[in-house]
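Down below is the structure, laid out as structure tokens.
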Amino acid sequence: MDFDCKTARGDSSSVNRSCIVTEGTVVQAKPVSHNGKAKHWNSLSTLNNQKCSYELLSDPKKNVETSDGETASKCDSWCFTDLPSALVCEVLEHLDPKELGIVSCVSTLLHTLATDHQGWKKFYCERWGIPTPPVTLNGPLVPGGTSDWKSWKTLFVEREFRSKSFMGRFSVDVLRDHSEDVRTVFLLASVNLIFTGGNDSVIRMWDLEEGLLIDKSRPLCCTIRAIAADTRLLVTAGTNAFIHCWRAVEGNSYPFHISGNGTDQSPEFRLWGHEGPVTCLALDSLRIFSGSWDMTVRVWDRSEMKCVQKFMHADWVWSVAPHGNTVASTAGRDAYVWDIRSGELENVISNAHYGNAFSLARTHLADVLFTGGEDGAIRLFNVSEVSDDEDIKPAATWVPHTGPVHSLAFEYPWLVSASSDGRVALIDLRKLLTPRKSSKQPFRVKNFDPSSIEPPQRMLHGFGCDLFSVAIGADKIVCGGEDGAVKVWNFSEALEIEKRAQALRSMRQENRMRRKKAQVEMNANGRRSDQCGSIAMKRNQLKGDKSVTWHSKRAINDKVKS
């Protein structure tokens with residue numbers, strides 16, 4: 001979605017200007033249609049008796065001295081762009097990306113204001129968070145960042161365009177080094193790393209771009225069931241009830257040195273506290289979250305590395321997902337939302353699935369939960385406006401799988417699921433999550449008929465076996481299953497392939513138009529239409545005798561064949 005619209009850009013003229021009016025009137029404008037004719041919009045009341053000049057609004061004394069006729073004439077000479085730039089930017093603050101892009105096509109001034117508007121930063125961060133490395137309008141925020149100067153609008157448009165790549169062509173890489181089932185994968189897109197673990201109790205670190213094994217840990221003597229990481233900390237956990245951690249090592253090619261060989265530093269440590277296998281992990285900037293079959297979710301302080309909170313459940317905890325000052329979890333067939341500060345239970349979703357609710361995903365765009373269960377269904381729950389005595393019903397349900405949904409991952413606008421039926425489902429949520437004009441939550445769940453829910457936009461086939469974990473990011477989808485292989489679907493070249501295909505289609509269309517034009521010329525000159533091809537060939541030949549040589553060779557070939 002490119003909003004530059006350079007062909008439509010131009011200075012505002014008196015024809016396209018709008019008057020600043022008081023309440024009770026409608027702005028009269030004459031927008032120019034594509035055929036060049038002006039379309040008149042009728043106002044609900046006349047502007048004759050309205051004192052609508054910005055000059056008059058700023059100086060009330062002139063309202064007494066100026067007659068109604070003079071006011072009407074001055075009103076015609078003022079437009080929206082005559083307002084102070086700060087006030088115009090305040091108005092633009094209430095537009096969504098599509099509307100802001102349309103406004104940038106109106107005039108040169110509005111194009112400048114809309115392109116440099118800080119709303120693009122808000123749009124980008126709402127959907128994908130702070131870019132890595134962070135980039136502002138004046139360049140990178142941190143030393144060593146990208147040297148390319150990019151505005152927030154450019155970053156937003158590029159990322160929005162890239163999000164369409166998951167509907168294009170892809171290549172598949174298979175990473176093989178695990179000797180047993182791969183139970184968990186984690187994609188750290190900011191540093192192009194993949195972390196995998198499974199029944200062989202070894203953590204492996206892969207290069208995302210090259211697909212090469214970089215490093216692997218010593219055996220941890222347990223099945224690895226969960227991995228979480230950021231650029232400062234890597235945490236893993238499994239059936240031995242402890243959380244194994246690695247701190248980032250400075251001065252290394254990669255942030256983590258998980259093998260521990262060849263270094264004097266000791267970045268490894270363990271956190272103890274759970275009384276059963278740890279099934280899920282999550283991180284934010286301040287805390288570590290872990291869920292276990294001991295029916296608890298524990299919150300660990302990252303600065304002191306100790307447990308500061310514990311939430312009790314009525315069944316085994318399968319998944320956990322923090323967001324702000326709340327953390328969501330699934331236990332048995334129910335889903336929970338807890339307040340971290342008070343330790344109180346905010347919401348309970350009873351019987352979210354028929355069977356266990358194995359997976360959970362959240363988005364900061366809206367206060368919603370995505371759950372995947374043993375029944376093969378994926379459900380969306382809106383927990384933003386729920387009373388204490390009200391049962392939460394699913395706002396949307398998909399059933400793309402014939403087996404349990406073991407894992408969910410979200411990156412705007414795609415929700416990705418992995419199931420024991422060996423398939424990966426991609427669901428586009430753009431139509432369900434609509435932006436709000438003003439609210440604490442930037443998006444809301446659109447009201448719709450549950451029977452009109454579209455099916456997943458794409459299904460990817462895995463290994464023909466159980467798929468236990470999935471991750472999405474950097475135009476790639478990573479999945480691990482029971483055959484010990486890690487599969488990577490790479491969509492990074494999908495847009496380039498589409499561009500080449502589009503260029504080829506344009507070239508063919510242009511050639512068809514040329515042939516059609518030549519045929520029309522032949523008909524107008526009274527020549528036969530079958531001469532069109534020969535004349536077009538003569539115009540395109542490089543040498544004068546090339547067509548003769550070609551025909552002579554063709555004649556010789558015909559004789560040989562006969």
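Here's how it looks for Ala352: its modeled amide H is under 5 Å from those of Asp334, Ala335, which are all 5 or more places away or on a different chain.
Per-residue SASA remark: Glu180, around 90 Å² accessible (1.4 Å probe; ligands, DNA and RNA not included).
Relative to the present Cα-Cα distance, how much length would full extension add between Lys310 and Asp82 at 0.36 nm per residue of separation? Mind dumping the intermediate values first?
Working: separation 228, 0.36 × 228 = 82.08 nm, distance 5.83 nm.
Gain on stretching Lys310 to Asp82: 76.3 nm.
Taken one residue at a time, the phi angles of the range 187-193 give Karplus couplings (6.51, -1.76, 1.60, θ = phi - 60°) of 9, 9, 5, 5, 10, 6, 10 Hz. Gly and Pro are set to x. Give the separation of the Cα centroids, the range 152-214 to the range 238-317, in Å. Measuring centre to centre over Cα atoms gives 22 Å.
Restricting the chymotrypsin sites (Phe, Trp or Tyr not before Pro) of the range 279-367 to loop positions (DSSP other than H, G, I, E, B) with no more than 14 neighbouring Cβ atoms within 10 Å leaves Tyr354. Quotient of the Cα radius of gyration of the range 210-468 and 2.2 N^0.38 Å, N being its number of residues: 1.05.
In Å², and per residue, what accessible area does the range 210-468 have when probed at 1.4 Å with the other protein chains present? Please list the in-between numbers first.
Working: 11350 Å² over 259 residues.
Averaged over the residues of the range 210-468, the accessible area is 44 Å².
Around Thr223, under 15 Å between beta carbons, what's the net of Lys plus Arg minus Asp minus Glu among the other residues? Provide the component values of the computation, followed by the final result.
Values: positive: Arg183, Arg204, Arg225; negative: Glu180, Asp181, Asp200, Asp466, Glu482.
Net charge around Thr223: -2.
Each residue was assigned an accessible area with a 1.4 Å probe, and for Glu374 the value is about 80 Å².
What dipole magnitude, in Debye to the nearest 20, does the range 210-468 give about its Cα centre under +1 on Lys/Arg Cβ and -1 on Asp/Glu Cβ? It would help to have the intermediate numbers written out before the result.
Numbers: 25 positive and 30 negative charges, 110 e Å.
For this selection, approximately 520 debye.
Below 8 Å, C-alpha to C-alpha, sequence gap of six or more: please give me the relative contact order for the range 210-468 in percent.
Values: 643 pairs, mean separation 23.9, N = 259.
Relative CO of the range 210-468 lands at 9 percent.
Tell me the net charge near Gly197. Cut-off is 11 Å between Cβ atoms, Gly197 excluded, with +1 for each Lys or Arg and -1 for each Asp or Glu.
Working: positive: Arg183, Arg204, Lys216, Arg225; negative: Glu180, Asp181, Asp200.
In short, +1.
The values are calculated or read from the model by the stated rules, or taken from the named source; none is laboratory data. No experiment lies behind these values; they were computed from the predicted model shown. When we count neighbours, we look across all protein chains shown, and the Cβ atoms used for this are built from the backbone with ideal geometry, even at glycine. The accessibility values were calculated without ligands, DNA or RNA, using every heavy atom of the protein model including side chains. Shrake-Rupley method; radii C 1.70, N 1.55, O 1.52, S 1.80 Å.
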